[in-house]
Amino acid sequence: MELRVGCIAGALEESEYARKLQAATSIHWSLPDPAAIPDADARRRAFVDVATALQARISEWLVEASGRPRPAADDARGRV
C-alpha cells in the first residue's frame, strides 16, 4: 500500500515547489492490504487496524519532523 502526501497545486510558485519536491524524503511503512482479506468482518477489522497504525505512525512522524520533544503520556491524552 502506498500513501503520498504533497502540496496543493498552485499554492507555491513552480520553482519553489520544485525545490521542496527535490528536498522531500520518502518514508516506507509496510502494512498489510486489508482488501485482500476475503471475510467481510475480518476485512473491516483489518481496515480499522491499518487506519489506526497509519494514524499512530503519521503522528509520530509529525512529532519527529517538528523537532519538538515528545509529549508525556498524560499530555498526549489532554491531561497534565
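The values are calculated or read from the model by the stated rules, or taken from the named source; none is laboratory data. Nothing here was measured: the structure is a model prediction, and the numbers come from that model. Glycine gets a Cβ as well: all are built from the backbone with ideal geometry, and neighbour counts include every protein chain shown.
Does P38 meet the test of being surrounded by 11 or more Cβ atoms within 10 Å (Cβ to Cβ), of a type outside the set (F, W, Y) and assigned to a loop (DSSP other than H, G, I, E, B)?
no
Six or more apart or on different chains, Cβ atoms under 6 Å: show the pairs whose first residue is in the stretch 57-80 and over 19 Å from S26 (Cβ atoms) and whose second is at pLDDT 65 or above.
R70/V63
Evaluate the following for P69: is it modelled with pLDDT of 85 or more, within 20 Å of the chain's Cα centre (by Cα) and in a loop (DSSP other than H, G, I, E, B)?
no
On the basis of being modelled with pLDDT of 80 or more, surrounded by 10 or more Cβ atoms within 10 Å (Cβ to Cβ) and more than 16 Å from the chain's Cα centre (by Cα), does R44 make the cut? Talk me through it step by step, then tell me what you get.
Working: modelled with pLDDT of 80 or more: yes; surrounded by 10 or more Cβ atoms within 10 Å (Cβ to Cβ): yes; more than 16 Å from the chain's Cα centre (by Cα): yes.
When the stated conditions are applied, R44 passes them.
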